[in-house]
Every structure is written in structure tokens, then in C-alpha cells.
Amino acid sequence: MKTVLGRKANTVNAHLTALDHFFIQLGPGPAIVRRDDAPKLAPCALDARQQKRFILTCVGSTSRGC
């Protein structure tokens, strides 16, 4: 699927998971297939406006989550 249709690793893994669940319900068990690791995405940095909004939200919040 990846090479012929050009699908990404997450799409292929999702389809394999769906097939696993299907075959588990039928009885033979999950497919023995190697899955590709999903690419690690770097978190996005906040710009100056978003940073200020985040800090103001934390200061005004009564919870300890910030």
C-alpha cells in the first residue's frame, strides 16, 4: 500500500489495525506483520502573541495545571 498507492505509515498502520480487529473477531487471530514507526513530529513553538495569551491564561487560572 505504501509503495503502490503512496500511503503514509500512519494510514497503513491504521488499516492493519482494522484488519487485526476483524480477524480477531473471526477467530484466526491478528496478522503477523511488521508495522512501520510513525515519524516523530517536533512540537510547534508559540509565537509572541500565543505566549502572552498562554501566560495570561495561566495567571488567571485557579488550577495548578499551568
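Coordinate-derived values only; no laboratory data. The model shown is predicted, which means the values in this text are computed figures rather than measured ones. All Cβ positions, glycine included, derive from the backbone under ideal geometry; neighbour counts span all protein chains shown.
The magnitude of the dipole of the range 1-51, with charges of +1 and -1 set on the Cβ of Lys/Arg and Asp/Glu and taken from the Cα centre, is near 140 debye. Computed from backbone phi, the HN-Hα couplings of the range 43-53 come to x, 7, 7, 7, 7, 4, 5, 5, 4, 4, 4 Hz, rounded to whole numbers (Karplus: 6.51 cos²θ - 1.76 cosθ + 1.60, θ = phi - 60°; Gly and Pro given as x). Between Asp20 and Phe54, full extension at 0.36 nm per residue minus the direct alpha carbon distance yields a gain of 8.1 nm.
Of the trypsin sites (Lys or Arg not before Pro) in the range 5-66, the ones in a loop by DSSP (not H, G, I, E or B) with at most 12 other beta carbons within 10 Å are Arg34, Arg35, Lys40, Arg64.
Summing +1 for each Lys or Arg and -1 for each Asp or Glu among the other residues whose beta-carbon sits under 15 angstrom from that of Leu46 gives +2.
Amide hydrogen proximity for Arg7: with H placed 1.01 Å from N in the peptide plane, the residues at 5 or more positions away or on another chain lying under 5 Å are Lys2.
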